[in-house]
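The values are calculated or read from the model by the stated rules, or taken from the named source; none is laboratory data. This structure is a prediction, so every number in the text was calculated from the model and none was measured. Note: ideal-geometry Cβ built from the backbone for every residue, glycine included; neighbour counts use all protein chains shown. Please note that ligands, DNA and RNA were not included when accessible areas were found on the heavy atoms of the full protein model with its side chains. Shrake-Rupley method; radii C 1.70, N 1.55, O 1.52, S 1.80 Å.
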Amino acid sequence: MEHTSQLVNTITKGIQDKKGADIVVADLQGIDGSICNYFVICQGSSPAQVEAITESVGDFARKELGEKPTRVAGLENAQWVAMDYGDVLVHIFLPDVRSYYDLEHLWDDAALTHIPNLD
């Protein structure tokens, strides 16, 4: 589980490196029917920023932990990109798409950690 915590922290750094905003970590451990242990959710202000955040997360995870996502979906439109790291799913949204799907509240039992935005 230590490695998963390191992965969540590394993903967060990758998001912050490209000024990703409103980062939320949803802890899904122990919730019946959950598809992973953590969701890391954030947003970029444009499709270009969503792509940059996706690339940064991939670079940070690979360089710091030797991790690569098993799948990345959504880059063709860059409105909602999902990166699958097994125990951790990363969701990078445009703001209006994020509010529409409202993943933070999809799993009501999840403990949510809000990461402050960097200025």
Sorted on mean Cβ neighbours within 10 Å (highest first), peptides 70-77, 84-91 come out as 84-91, 70-77
If N is the residue count of the range 1-64, its Cα Rg over 2.2 N^0.38 Å rounds to 1.15
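Take the Cα radius of gyration of the chain and divide it by 2.2 N^0.38 Å, with N its residue count; two decimals is plenty.
That works out to 0.96 for the chain.
Just from its helices, what would the mean residue ellipticity at 222 nm be for the chain, if runs of 4 or more DSSP H residues each count -39500 (n - 2.57) and the sum is divided by every residue, rounded to the nearest 500 deg cm²/dmol?
The per-residue figure over the chain is -11500 deg cm²/dmol.
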At the level of C-alpha centres, the distance separating the range 102-119 and the range 7-29, in angstrom, is 10 Å
note: the range 54-119, Cα-Cα separations exceeding 18 Å make up a percent value of 47 percent
In whole percent, the fraction of accessible protein surface over the chain that belongs to carbon or sulfur atoms, probe radius 1.4 Å, stands at 48 percent
Label model pair Leu75, Ile35: point-to-point distance (7 angstrom along the Cα→beta-carbon line) in nm is 1.9 nm
Computed ³J(HN,Hα) along the range 46-56: with the Karplus parameters 6.51/-1.76/1.60, θ = phi - 60°, integer Hz and x for glycine or proline, the list is 8, x, 5, 5, 4, 5, 5, 5, 4, 5, 5
Residue by residue through the range 107-115, the couplings from Karplus 6.51 cos²θ - 1.76 cosθ + 1.60 with θ = phi - 60°, in Hz, x for Gly and Pro, are 9, 4, 7, 6, 7, 9, 10, 9, 9
Taking every DSSP bridge whose two residues both lie in the chain, the antiparallel percent to the nearest 5 is 75 percent
Residue-normalised value, i.e. accessible area per residue, for the chain at 1.4 Å probe, in Å², stands at 54 Å²
